[in-house]
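Structure first, then comments.
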Amino acid sequence: MLESMGLPLPAETLIISSALYCATTHRLEIGWVAAAAIAGAIMGDNFGYLIGHSFGHRLLERHGGKVGLNERRLLLGHYLFRRHGGKVVFFGRFIAILRVFVALLAGANRMPWHTFLFFNALGGIGWAGGYALGAYYLGHEVLNLSGPVGLALGGVATLVLGGSFLFLKKNELRLTEEATRAAEREQKGESVP
């Protein structure tokens, strides 16, 4: 829950360790461990969303320039979150660094809460439930697989993030112009696709 609220903590390690403890000692029921992990992930993201919704936008406007988030990039982020926010929330759950910040960003970008809740719940169930049950049923094999699989997933995540970064850099001007036009239509009361 704390990691999903925005604190960089090792949630995956805790879930996998708990599941392995269940598998080896049978002193805990894996269903309860998975349920607790899922509930913590979903609740933590909702708290993170509320924090981002209440304070995030003002902080980004005031201090975003210090980290390269000027007014145009904030507008672009808002636009992209409105168009692809559900995908960002769902898939962000599976990328460690993004998982810490995705709820805060969703709140700061004013993603509708009901949409956030839906994709957050799907991501929380898939991520926390998948790790818990996967580690439990793979048992000791997960220790042998975690190194190579972790490296492979890390490599894929690096490629995806790098590709996304390059795409955004290459298309930033076009996307910013689209975001500006969409914001102007929104202010005029027109519907935005």
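Taking the stretch 32-49 as the range and being exposed (fewer than 15 other Cβ atoms within 10 Å of the Cβ) and closer than 21 Å to Phe90 by Cβ as the test, the residues that pass are Ala35, Ala39. Residue by residue through the stretch 182-193, note down the ones that are modelled with pLDDT of 65 or more and open to solvent by 50 Å² or more (accessible area, probe 1.4 Å). Within the stretch 182-193, Glu184, Arg185, Glu186, Lys188, Gly189 qualify. Looking across the stretch 40-68, the residues that are among the hydrophobic types (A, V, I, L, M, F, W, C) and either at pLDDT below 85 or over 30 Å from Ala132 (Cβ atoms) (or both) come down to Phe55, Leu59, Leu60, Val67.
Restricting attention to helices (runs of 4 or more DSSP H) lying wholly within the stretch 82-181, give those where 1 or more residues are at pLDDT 85 or above and under 15 Å from the mean Cα position of the chain (by Cα). I'd like the intermediate steps shown before the answer.
Values: elements: 96-108, 113-124, 130-138.
Here the list reads 96-108, 113-124.
Each residue in the stretch 7-31 was checked for being surrounded by 15 or more Cβ atoms within 10 Å (Cβ to Cβ) and not aliphatic (A, V, I, L, M), and 4 of them qualify. Comparison of Gly77, Gly85, Gly92 shows that the only residue that is free of Cβ contacts under 8 Å to residues at least 40 places away in the same chain, open to solvent by less than 40 Å² (accessible area, probe 1.4 Å), closer than 19 Å to Arg174 by Cβ and not aliphatic (A, V, I, L, M) is Gly77.
One residue alone among Gly44, Gly52 is touching an Asp or Glu at 6+ places or on another chain (Cβ under 8 Å), under 21 Å from Met111 (Cβ atoms) and either touching a residue at least 12 places away in the same chain (Cβ under 8 Å) or of a type outside the set (Phe, Trp, Tyr) (or both), and that residue is Gly44. For Arg27, the conditions (1) in contact with a Lys or Arg (Cβ under 9 Å, 6 or more places away or on another chain); (2) free of Cβ contacts under 8 Å to residues at least 24 places away in the same chain; (3) among the charged types (D, E, K, R) are fulfilled apart from (1).
The values are calculated or read from the model by the stated rules, or taken from the named source; none is laboratory data. The model shown is predicted, which means the values in this text are computed figures rather than measured ones. Neighbour counts are summed over all protein chains in view; Cβ atoms, including those assigned to glycine, are modelled from backbone coordinates with ideal geometry. Quick note on the areas: whole protein, heavy atoms, side chains included, nothing else; ligands and nucleic acids left out. Shrake-Rupley method; radii C 1.70, N 1.55, O 1.52, S 1.80 Å.
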